[in-house]
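For reference, the structure is listed below as structure tokens.
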Amino acid sequence: MATSLEKIQSVMTKKYGSALEISTPGSSIRLEGSLDTYQMKVEAGWTAARFGYKAVINDITVPDVQEETIACSSYVDNVLERLHFDVAIIGGGVIGTSIARELSKWNMKIILIEKEEDVGVHTSSRNDGMIHDGFAAKPGTLKALYNVRGNRLWEPLASDLGIGFKRPGSLLLFSNPAMKALYPLMADRAKRNEVDGWEFWSRERVIAEEPYVTSKQHGGFFLPSAAVISPYKATVALAESAMLNGAKLMTSTCLTGFEIEHNTIRRLHTNRGICTASIVINASGNWADIIAEMAHDRFFSLHHRRGTECILDMESSRWQQHIMSMPSILQVREKTKGGGIVLTEEGNVLIGPTAEEHPGREQYTTSPSDMIKLKKHFTLNSKLSMDQIITYFCGVRPCTYEEDFIVGPSDNISNLIHVAGIQSPGLASAPAIAADVAEMVIAKAKTFMEIQPKANWIPKRTADIITRRLSLEARDELIRLDPSYGKIICRCEQVSEKEVVNALHSTLPATSLDAVKRRTRVQMGRCHGGFCTARCIDIIARELHIDACDVVKKGPDSQICKGNMSHDETNRIC
Amino acid sequence: MMKPIEYVDVVVLGSGPAGLAAAFASAKQGANTVVLERQERPGGILKQCIHDGFGNLRYNETLTGPEYAYREIQQVIAALVPIRTNCFVASVEHGEHHFLLNCISPSGIERISARALVLATGCRERTDRQVFIHGDRPAGIFTAGLAQRLINIDGLIPGNRAVILGSGDIGLIMARRLSIEGVQVEGVHEIRHESSGLKRNIQQCLEDFDIPLYVQSTVTSVVGSQRVKAVHVAAVDVKNMPIMSTEQYIPCDTLILSVGLIPENELAHSLDVPIDPVTKGPVVDHVMHTMVDGVFACGNCVHVSDLVDYVSESGSIAGKHAAAWALDGCADRTLVPVSRAGNLAYVVPQMIDTSSPQRSASCYFRVRHTIERTTQLRINSEGQQLDCLTFDELYPPQMERFAINETIFSSIKQPSADISIELVLVEASHD
Ligand SMILES: Cc1cc2nc3c(=O)[nH]c(=O)nc-3n(C[C@H](O)[C@H](O)[C@H](O)COP(=O)(O)OP(=O)(O)OC[C@H]3O[C@@H](n4cnc5c(N)ncnc54)[C@H](O)[C@@H]3O)c2cc1C
Ligand SMILES: Cc1cc2nc3c(=O)[nH]c(=O)nc-3n(C[C@H](O)[C@H](O)[C@H](O)COP(=O)(O)OP(=O)(O)OC[C@H]3O[C@@H](n4cnc5c(N)ncnc54)[C@H](O)[C@@H]3O)c2cc1C
């Protein structure tokens, strides 16, 4: 039951003075006015979320925080002009690509548009890569539902996609002896969420399983179903699988607006032309509320929670066996799980993430204070230390004020489906969300077209060749087929020239150094590109038939070099 | 079918100056030797150091890096030692009295069994993340070695306006190199209170090109989403922490980092070779034998040297003794630790093998803090002073060398518990 407006007004006035104006458009609650900080704005949103409305629209302004606009790719042409699609998916993160693959099972014309030069550039490549067990999600939420289902779907899916999958399990350490008493409560929650297995581990068992664990632990709660994948490889593989099955994928393509008629999206405007689509799916991550607004359907607002992580040298992983954290009094009131130690699928130790409300939708600046926050996790394992850090990065979680996912058809626009507020565990949930969204699309599509499953749908995508994971015999045979499998480009991660070449000519080819990095792991090791950057520039230029000066790090205006001495004196500067 | 295993006496890993000197010395002893190099050409880092300043001690001449490398390569070729390029040593298995190396090369997997190994794998550069530079992640951030390679080997110019962090010789040389190629160098920032480069380089690389040097200053963050737009720099306090009130915005499109080198020791790690936490290289005795029998190490993978001549010297010693080890079988070692006292950051070798036929030792050290007064370095054993050497000034960035000659070596008591190296300030006798 929604609280009455007077009641709300009195609660909000008590907390925030008369600074805020409250209204209840549609089934949402809307906040306007001005507050001093972004944190206060977010807190006001959380408060409003408790009044039982469908969603919170938070239009509170904060000094020095400007509303951001989508940075559209500078690329312009007309390739989409007048084309029609049965389904258009906005956003090439793990959610959009999962949906594209699911829908590619049907005889529909699908397009996925992504504004960046590659898929998985934003939140989908800036996370822990964890396929959570589903314990942490609040029972009854969409998060809990999709997480547990997604956890079950990922293992067979990863095998079909030809990507790695590991299930190290997750250990929540008890920081004091009294916490053992919480075991029945924890077990009950795990049961309610239908988590696949849980165990109590004694202090001794923890030591046996994790020999370098902190002496401050008092046993723990073990969740064997927690798993890891490489989130960027997964996103690329999902996209490629959809493409192999006929979906059209357009990178460097930005949705800039809709034409709406009779509560229906008629046309999609992009920098590549104006096209039409019978059904539109909003899977635009941190921009989902802006896309909703373009469709005159902004019934929710997103706030943005930044998380910083650091990656340790490969060497460190031999000291850690499981995903591990020590939640403080179970983080009952926290919005996130608090971070910890993760073993990535690719074999590094990852520490994080932090959680900080920050207005930048795509601002990935890190700061020294983030590193200080990560320090506490290092103490969980006596062998880990800050000097093993080889890199750190940050990602932004798109969150609703209800702190749950929005997955479903719009109430107002007949042909729009929102998949919004996909914060953590969005990666874990992706296959389950995609399956549900596909059902919604099919139900809608059946009303206006003949729809059938494709008889020749190909579930399997050929796995990329990763030579460092092969036996010597298998490597030897490959090298005989193509000697460039025997030319090591990246010494830290042992990547061969041919693997780089493959990435540049795959189904969804890499066009930038970062895209090559996500696909092959060049630049991801301890030297961080010191040795291989020059080689990679050379190979990219050769394979893409471009000048070495035109090789970019990540999309337009990110050229790595500014001049080429092989040009004549007058035009050395590119 | 994989190629059959090949058997040799000594494998040298890496063909930089250390590896080349080791290979030559090993072959001279009559050992069947092979050099493995993962790059397309031999010479290691010297290939891209086209400035001069190499070989003053070894050749009594001032050579460029490629010239120095050329001489060393010719010597190895003349000794009929094969240098296998494009050959990446992926792993080593430690067998009984031999090592099996699994190498990846365009002609297939090569497996080589050797009685002795010489690690000469050089070092890698510390990156922006390892010195905790924050902010955005655009294109335009390079380590000095990468920028040097792009310019000198690939003919690519990394940017138009650069800021350099780190004023060691590499940073200084890159400041000059970039200027020559028409890049506007906005300044070199050094966190310490003075440049760690040679005085000569400060004159020739900065002053002659009007490039300002800012000491006690560091880059705090990078600005720019696609390409570097600017960096923030700030003065640092006594603890090297940036003083935020002094932060300045410097427009530029390139940041070059010359912030230190780290010995490359993955293979040593995999063989469980003990590593000195200070040098980050293997603990070695005075013939460059690591603490794992049959594994020798030399050059920058042992400790970072600023003079190639010393690197070659360590290679010659390692190669000679690796050959002896491989050919004559394994003699027991009597290892005496070299302890250090006073203002010494480290001493290499960390051990002396008193039963070795090599009756002299070249030792290297660095100090922790600058000493601008006359200092004595004393070599003691069992409470007795064996030798005493005098140094005028000592700076942390500068590696110093001293020798334990045959007479001193013979005066080390047998058995002996320890040899200690001590730095003692000499009281000013006058003034
Ligand atoms: C630090 C951190 C750690 C996390 N850890 C985990 C974890 O361990 N496990 C887990 O399950 N989840 C985790 N998450 C959450 C998970 O990463 C996200 O839920 C998931 O990646 C969201 O995917 P997405 O496709 O919705 O968003 P995104 O990957 O952001 O994709 C949205 C895409 O839409 C594009 N787009 C936006 N607007 C337009 C437009 N107008 N036109 C065209 N394209 C557009 C964007 O460019 C973007 O590529 C973590 C998140 C963070 C920040
Ligand atoms: C930019 C710069 C400027 C310098 N300027 C001067 C100067 O002016 N004067 C001076 O005297 N000294 C100078 N030096 C110092 C000196 O040249 C170096 O210390 C010396 O070259 C190091 O030699 P090295 O053989 O130990 O290592 P390197 O030259 O780095 O050689 C190591 C070799 O091992 C190979 N290798 C590594 N791992 C493997 C593997 N797994 N399999 C196969 N091969 C492998 C590498 O490819 C490399 O070729 C400079 C150094 C640098 C970096």
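The values are calculated or read from the model by the stated rules, or taken from the named source; none is laboratory data. Bear in mind that the values here come from a model prediction, so they are computed numbers and not experimental data. Glycine gets a Cβ as well: all are built from the backbone with ideal geometry, and neighbour counts include every protein chain shown. These accessible areas exclude ligands, DNA and RNA; they are computed on the full protein's heavy atoms, side chains included. Shrake-Rupley method; radii C 1.70, N 1.55, O 1.52, S 1.80 Å.
A few comments on the model shown:
- Of all the listed residues (A:G307, A:G347), the sole one being closer than 30 Å to A:Q66 by Cα and either at pLDDT 95 or above or not polar (S, T, N, Q) (or both) is A:G307.
- Candidates A:K375, A:K444, filtered to the one that is away from ligand 1 (no atom under 15 Å from the Cβ), within 14 Å of chain B (Cβ to nearest Cβ) and open to solvent by 20 Å² or more (accessible area, probe 1.4 Å): A:K375
- The stretch A:74-101 - residue that is in a loop (DSSP other than H, G, I, E, B) and of a type in the set (S, T, N, Q) and, of those, nearest to ligand 1 (Cβ to nearest atom): A:S74
- A search for C-beta distances below 8 Å between a residue of the stretch B:1-21 that is in a strand (DSSP E or B) and open to solvent by 20 Å² or more (accessible area, probe 1.4 Å) and any residue that is more than 8 Å from ligand 2 (Cβ to nearest atom) and of a type in the set (S, T, N, Q), counting only pairs 6+ apart in sequence or on different chains, returns B:E6/B:S113; B:Y7/B:S113; B:D9/B:S26; B:D9/B:N32; B:D9/B:T33.
- Residue-level analysis places B:F365 among those that are among the aromatic types (F, W, Y) and in the same structural domain as B:I404 (by TED's automatic domain parsing).
- The residues listed here are B:L327, B:L389; of these, the one that is open to solvent by 30 Å² or more (accessible area, probe 1.4 Å) and farther than 21 Å from B:V424 by Cβ is B:L327.
- Residue that is nearest to the other protein chains (Cβ to nearest Cβ) [pool: residues in the stretch A:303-327 that are open to solvent by 10 Å² or more (accessible area, probe 1.4 Å) and farther than 27 Å from A:N176 by Cβ]: A:E315
- Members of the stretch B:295-314 that are under 11 Å from B:P263 (Cα atoms), open to solvent by less than 20 Å² (accessible area, probe 1.4 Å) and part of a helix (DSSP H, G or I): B:G299, B:C301
- Checking A:V342 against (1) within 12 Å of ligand 1 (Cβ to nearest atom); (2) among the β-branched types (V, I, T); (3) modelled with pLDDT under 95, the condition it does not meet: (3)
- Checking A:R333 against (1) touching a helix residue (DSSP H, G or I) at 6+ places or on another chain (Cβ under 8 Å); (2) at pLDDT below 95; (3) open to solvent by 50 Å² or more (accessible area, probe 1.4 Å), the condition it does not meet: (1)
- Annotation: of all residues in the stretch A:95-118 being within 26 Å of A:E403 (Cβ to Cβ) and either in contact with an Asp or Glu (Cβ under 8 Å, 6 or more places away or on another chain) or open to solvent by less than 10 Å² (accessible area, probe 1.4 Å) (or both), the one that is nearest to ligand 2 (Cβ to nearest atom) is A:T97.
- Residues that are part of a helix (DSSP H, G or I) and either modelled with pLDDT of 95 or more or more than 21 Å from B:P396 (Cα to Cα) (or both), drawn from the stretch B:172-201: B:L172, B:I173, B:M174, B:A175, B:R176, B:R177, B:L178, B:S179, B:I180
- Residue in the stretch A:76-98 that is modelled with pLDDT under 95 and out of contact with any helix residue (DSSP H, G or I) (no Cβ under 9 Å at 6 or more places or on another chain) present: yes
- Condition check for B:I112: more than 8 Å from every other protein chain (Cβ to nearest Cβ), within 23 Å of the chain's Cα centre (by Cα) and touching a residue at least 24 places away in the same chain (Cβ under 8 Å): no
- Just so you know, in the stretch B:287-301 the residues that are near ligand 2 (Cβ under 8 Å from one of its atoms) and of a type in the set (A, V, I, L, M, F, W, C) include one that is farthest from the other protein chains (Cβ to nearest Cβ), and it is B:C298.
- For the stretch B:67-81, the criterion of being assigned to a loop (DSSP other than H, G, I, E, B), surrounded by 15 or more Cβ atoms within 10 Å (Cβ to Cβ) and at negative phi is met by at least one residue.
- Flag for B:A25 being more than 10 Å from ligand 2 (Cβ to nearest atom) and more than 22 Å from the chain's Cα centre (by Cα): no
- Among the residues making up the stretch B:241-269, those that are part of a strand (DSSP E or B), surrounded by fewer than 24 Cβ atoms within 10 Å (Cβ to Cβ) and within 12 Å of ligand 2 (Cβ to nearest atom) are B:L261, B:I262, B:P263.
- Matching residues in the stretch B:385-419 - criterion: being among the aromatic types (F, W, Y) and not in a strand (DSSP E or B): B:Y395, B:F409
- Flag if A:D476 is within 29 Å of the chain's Cα centre (by Cα) and either assigned by TED's automatic domain parsing to the domain that holds A:A158 or more than 24 Å from A:M243 (Cα to Cα) (or both): no
- Residues of the stretch A:101-108 include at least one that is small (G, A, S) and at pLDDT 95 or above.
- Residue within the stretch B:325-337 that is among the acidic types (D, E), in a loop (DSSP other than H, G, I, E, B) and within 30 Å of A:K553 (Cα to Cα) present: no
- A:G140, sole failed condition from (1) away from ligand 1 (no atom under 14 Å from the Cβ); (2) in a loop (DSSP other than H, G, I, E, B); (3) in contact (Cβ under 8 Å) with a residue 60 or more places away in the chain; (4) within 23 Å of A:V437 (Cβ to Cβ): (3)
- Some residue of the stretch A:439-455 being in contact (Cβ under 8 Å) with a residue 40 or more places away in the chain, over 15 Å from A:I281 (Cβ atoms) and part of a helix (DSSP H, G or I): no
- Some residue of the stretch B:107-114 being at positive phi and open to solvent by less than 40 Å² (accessible area, probe 1.4 Å): yes
- Any pair with Cβ under 8 angstrom, 6 or more apart, that starts in the stretch B:127-146 at a residue that is assigned by TED's automatic domain parsing to the domain that holds B:I173 and ends at one that is modelled with pLDDT of 90 or more and basic (K, R): B:P138/A:K553; B:P138/B:R227; B:P138/B:K229; B:A139/A:K553; B:A139/A:K554; B:A139/B:R227; B:G140/B:R227; B:T143/B:R126
- When residues of the stretch A:525-536 are limited to those that are modelled with pLDDT of 95 or more and at the interface with another protein chain (Cβ under 7 Å from one of its Cβ atoms), the one nearest to B:E266 (Cα to Cα): A:T533
- Test: residue in the stretch A:415-432 that is part of a strand (DSSP E or B) and either touching a Phe, Trp or Tyr at 6+ places or on another chain (Cβ under 7 Å) or polar (S, T, N, Q) (or both): yes
- Selection from the stretch B:121-135 of residues that are open to solvent by less than 10 Å² (accessible area, probe 1.4 Å) and either more than 9 Å from chain A (Cβ to nearest Cβ) or at positive phi (or both): B:I133, B:G135
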